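Below is one structure, written out as structure tokens; comments come after it.
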Amino acid sequence: MTKKKLLLLPGDGIGPEVMAEVERVLAWLNESGRAQFEYETDLVGGCAYDAHGEAISDAAMDKAHAADAVILGAVGGPKWANVPYAQRPEAGLLRLRKDMKLFANLRPAICYPALTEASSLKREVVEGLDLMIVRELTGGVYFGEPKEIVTLENGERRAVDSQLYYEHEIERIARVAFDLARARGKRLASVEKHNVMRTGVLWKSVVTRVHEDYKDIELTHVLADNCAMQLVKWPKQFDTIVTDNLFGDVLSDLAAMSTGSLGMLPSASLGAKDANGRRPALYEPVHGSAPDIAGKGVANPIATIGSLGMALRYSFDLGKEADLLDAAIAGVLAKGLRTPDIMQDGKTKIGTAEMGEAIVGELKRLSA
């Protein structure tokens, strides 16, 4: 059995704690013979700045390029609030995305049956929710130039961020989304602001053209502000959503909270396949570094473990193992085990390591 190479980047805050539970699942996969992984760890974010004066080192980037997939924990925290902008913890994540050419971000929003009451929305609104948001990741306002703060002659400061998209960037993310929609519910909503933004006009035009190659998919165009409203009103009307970098950032977090907690949801960032069918990939939880609870052993590791599940599915063609891991997570939740962020009356509160142990225990039970 060929060994698969992973690079683990725990990062800051709760990152090391939740990544430890990923290692626990990897150990079980290796021991069970279902797969063989070799992995190493390195620094990213604030901890990398402390060690190297930069948010990710060239050596760590070399490891990322050599790995079959990268799993990241979280970056950032108030400790690094005043470091130079180019060295801020988030710059490490942005460099990974840019240098690995990860243009497609997949963010599922799935409401586990046992957690329908944990959502701030009504049970009937979220029960059975299974939504995928496909976010363009390397273009748009986060990378567009010029990007600057300048002082004018009158002493006033002016800030500029540029929203910039090329046709090929929109087409390639659209094709990823149409392919995913085809494997899901055959419905795709394209989200932009063509009523006030030129990039939105181009986005709508290109997605409409690409749709000609996917006539079996039902395509709708939705304005971003309306999409936000509809995600709160009735998220189950959507199956797959494709949108730009900025709107995708906002809408995916909004959709995540409908499931009960940001601590529940994984994500995948994918690049283009090479001639051998291998594609660069970065997997990470949707949540942040949560410095207020770091070191307390109470963080929810499910999103990071779920990110490993997405790696099994999208990078390693281990769909059965990914399904098994999903079932194990659902099984643990059905037994009433909860970390504090998803705690409910009548359930059993446990910590980070206990949740990881419970998921591995459920994996063993389901595979027996």
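Quick one: plug the Kirkwood hydrodynamic radius of the range 179-299 (C-alpha pairs) into Stokes-Einstein at 37 °C, 0.692 mPa s, and report D in µm²/s. Could the numbers behind the result be given before it?
Numbers: Rh = 16.5 Å.
Rounded to a whole number, D works out at 200 µm²/s.
Bridges between two residues of the chain, per DSSP, are antiparallel at a rate of about 40%. Considering only alpha-carbon pairs that sit under 8 angstrom and 6 or more positions apart, the relative contact order computed for the chain is 21 percent. Here the contact order of the range 111-228, divided by its residue count and restricted to Cα pairs under 8 Å and six or more residues apart, works out to 19 percent.
Evaluated at q = 0.10, 0.18 Å⁻¹, a Debye calculation over the C-alpha positions of the range 1-96 (equal weights, vacuum) places log10 I(q)/I(0) at -0.28, -0.77. Suppose R0 equals 45 Å. What FRET efficiency, 1/(1 + (r/R0)^6) with r the Cβ-Cβ distance, do residue 154 and residue 35 give to the nearest 0.05? Once rounded, the FRET efficiency stands at 0.10. Surface composition of the range 288-342: carbon and sulfur make up 54 percent of the accessible area, probe 1.4 Å.
Between the range 333-358 and the range 76-153, the alpha-carbon centres lie 26 Å apart. Highest mean first, the peptides 56-63, 352-359 sorted by other C-beta atoms within 10 Å per residue fall in the order 352-359, 56-63.
Only Cα pairs under 8 Å and 6+ residues apart enter the sum, and on that basis the relative contact order of the range 11-61 stands at 33 percent.
Put a dot 7 Å past the Cα of residue 182, heading toward its Cβ, do the same for residue 211, and the two dots end up 1.7 nm apart. Distances between placed amide hydrogens fall under 5 Å for residue 4 paired with 36, 37, 38, all partners being 5 or more residues away or on another chain. GNM remark for the chain: springs join alpha carbons under 10 Å apart, and the peak mean-square fluctuation among 340, 285, 301 falls on 340. The fraction of accessible area contributed by carbon and sulfur in the range 73-126 is 56 percent, rounded to a whole number (1.4 Å probe; ligands and nucleic acids excluded).
Taking amide hydrogens as placed 1.01 Å from N in the peptide plane, the amide H of residue 83 sits under 5 Å from that of no residue at least 5 positions away in sequence or on another chain. For the range 234-325, rounded, prolate or oblate, judged on the Cα gyration tensor with a ≥ b ≥ c (square roots of eigenvalues), a/c < 1.5 rounded, else prolate if a/b > b/c? Because a/c hits 1.5 or more and a/b fails to exceed b/c, the range 234-325 counts as oblate.
The values are calculated or read from the model by the stated rules, or taken from the named source; none is laboratory data. Bear in mind that the values here come from a model prediction, so they are computed numbers and not experimental data. Reconstructed Cβ throughout: ideal geometry from the backbone, glycine too, with neighbour counts over all protein chains shown. SASA here: full protein model, heavy atoms, side chains in, ligands and nucleic acids out. Shrake-Rupley method; radii C 1.70, N 1.55, O 1.52, S 1.80 Å.
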